[in-house]
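> Please find one structure pasted underneath; my questions will follow.
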Amino acid sequence: MSKIEELAAAVTKGKAKLVPNLVKDCLAEGMEPVEILNKGMIDAMGVVGEKFKNNEIFVPEMLVAARAMKKGVETLKPSMAGDSSATIGKYVIGTVAGDLHDIGKNLVAMMIESAGFEVIDLGVDVPKEKFVEAVKNDPEVKIVGLSALLTTTMPAMKDTVEALIEAGCKSQVKIMVGGAPITQEFADEIGADCYTADAASAAQAAKALI
Ligand code: B1M
């Protein structure tokens with residue numbers, strides 16, 4: 001088994017202790033960080049999601065896989081980060097109310113930071129009022145990023161966009177949305193300025209928006 005396959009297997013099985021060294025092994029073999037992230041971790045979480053859907057594993061297994069992936073991302077972060085010494089603006093990000101998924105949101109935050117933004121991470125299960133407050137309290141915030149992983153929390157994303165619009169924040173910020181169930185069509189429907197499917201394109205889009 002190659003190191004990247006070992007890494008994917010360790011993430012899938014939630015072997016958090018093995019993951020950092022396997023990430024380092026892949027880097028030592030000369031693999032690109034983004035390839036390690038995609039093949040060794042994001043694809044592995046896709047496998048976990050499939051197994052959960054098919055009732056082959058349950059929430060605890062999904063949770064340990066998530067912890068293993070977080071360890072991997074932590075190890076990879078120094079190799080992924082760009083030159084963020086000059087800040088090009090503030091970016092508020094969070095997972096919408098009712099939703100506890102944060103791996104994708106954290107990856108987006110990491111890439112956005114690498115692109116030169118100062119990231120204000122509001123965390124998970126963030127009420128719409130908190131997003132509004134974060135924008136109102138800081139005129140330097142230029143973009144708000146909303147993440148949702150559940151079809152059941154898509155309405156909370158819509159409510160958050162509406163709350164930002166009603167509070168008059170749209171004259172100050174652009175709104176970006178993403179997450180597995182989100183589509184361009186949904187983004188257009190709720191009045192978001194931008195939808196991207198993954199973290200790398202989110203960083204590119206954020207730079208283009210300001
Ligand atoms: Co959850 N879960 N989960 N889960 N979980 C999913 C999302 C699910 C698809 C699994 C499945 O059934 N196949 C399913 C949702 C079904 C649906 O809504 N249609 C599901 C479910 C049902 C649930 C629970 C309801 C299970 C239960 O309790 N019965 C529960 C809900 C809890 C809650 O939120 N209230 C639950 C809980 C959990 C854990 C806590 C155990 C854990 C999360 C741990 C954590 O995040 N700290 C978990 C996990 C790990 C998953 C899967 C397996 C993996 C998610 C992940 O991290 N993927 C997931 C299955 C799957 O996605 N295939 C699943 C890797 C990550 C890098 O990808 O987050 O998609 P992703 O982010 C991508 C893009 O989407 C995009 O960029 C990222 C990187 O490129 N992106 C953005 C994300 N945000 C963006 C924002 C942007 C732009 C791009 O702009 C601002």
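> Return the pairs, sorted by first residue and then second, in which the second residue is open to solvent by 80 Å² or more (accessible area, probe 1.4 Å) and more than 6 Å from the ligand (Cβ to nearest atom), the first residue lies in the stretch 55-66 and is in contact (Cβ under 8 Å) with a residue 24 or more places away in the chain and under 15 Å from residue 101 (Cα atoms), the beta carbons are less than 9 Å apart, and the residues are 6+ apart or on different chains.
Going by the 9 Å Cβ cut-off, the qualifying pairs are 61/13; 64/13; 64/15; 65/13.
> Could I ask something else about it? Evaluate the following for residue 175: is it closer than 19 Å to residue 97 by Cα, in contact with a Cys (Cβ under 8 Å, 6 or more places away or on another chain) and not hydroxyl-bearing (Ser, Thr, Tyr)?
Yes.
> Based on what the data block shows, is residue 93 of a type in the set (A, V, I, L, M, F, W, C), closer than 17 Å to residue 198 by Cα and touching a residue at least 12 places away in the same chain (Cβ under 8 Å)?
Taking the combined requirement at face value, the residue satisfies it.
> Can you pull out the residues in the stretch 42-60 that are open to solvent by 30 Å² or more (accessible area, probe 1.4 Å) and part of a loop (DSSP other than H, G, I, E, B)?
54, 55, 56, 58
> Related question: Within the stretch 25-41, can you find the residues that are at negative phi, without any contact (Cβ under 8 Å) to a residue 60 or more places away in the chain and either open to solvent by 30 Å² or more (accessible area, probe 1.4 Å) or away from the ligand (no atom under 15 Å from the Cβ) (or both)?
25, 26, 27, 28, 29, 31, 32, 35, 38, 39
> Yes or no: the stretch 100-108 includes at least one residue that is buried (at least 23 other Cβ atoms within 10 Å of the Cβ), closer than 22 Å to residue 180 by Cα and of a type in the set (Lys, Arg).
yes
> Something else: Among the residues that make up the stretch 175-187, is at least one of them in a loop (DSSP other than H, G, I, E, B), more than 8 Å from the ligand (Cβ to nearest atom), small (Gly, Ala, Ser) and open to solvent by 20 Å² or more (accessible area, probe 1.4 Å)?
Looking for residues that are in a loop (DSSP other than H, G, I, E, B), more than 8 Å from the ligand (Cβ to nearest atom), small (Gly, Ala, Ser) and open to solvent by 20 Å² or more (accessible area, probe 1.4 Å), one finds none in the stretch 175-187, hence no.
> Which residue pairs have Cβ atoms closer than 7 Å, lie 6 or more positions apart in sequence or on different chains, and pair a first residue in the stretch 168-179 that is without any contact (Cβ under 8 Å) to a residue 12 or more places away in the chain and closer than 19 Å to residue 148 by Cβ with a second residue that is open to solvent by less than 40 Å² (accessible area, probe 1.4 Å) and away from the ligand (no atom under 15 Å from the Cβ)?
none
> I've got another one for you. Given the conditions (1) assigned to a helix (DSSP H, G or I); (2) charged (D, E, K, R); (3) open to solvent by less than 70 Å² (accessible area, probe 1.4 Å), report the number of the one that residue 77 does not fulfil.
Of the numbered conditions (1) assigned to a helix (DSSP H, G or I); (2) charged (D, E, K, R); (3) open to solvent by less than 70 Å² (accessible area, probe 1.4 Å), the odd one out for residue 77 is (3).
> If residue 17 satisfies every condition in (1) part of a helix (DSSP H, G or I); (2) surrounded by fewer than 20 Cβ atoms within 10 Å (Cβ to Cβ) but one, which is the exception?
For residue 17, the failing item is (1).
> Then there is this: For the stretch 112-147, which residues satisfy the criterion of being assigned to a strand (DSSP E or B), more than 21 Å from residue 168 (Cα to Cα), within 14 Å of the ligand (Cβ to nearest atom) and open to solvent by 20 Å² or more (accessible area, probe 1.4 Å)?
The answer is 119, 121.
The values are calculated or read from the model by the stated rules, or taken from the named source; none is laboratory data. For clarity, every value in this text was computed on a predicted model and none was experimentally measured. Virtual Cβ from ideal backbone geometry, glycine too; neighbours counted across all protein chains shown. For the accessible areas, the whole protein counts, side chains as well, though only heavy atoms, and no ligand, DNA or RNA atoms are used. Shrake-Rupley method; radii C 1.70, N 1.55, O 1.52, S 1.80 Å.
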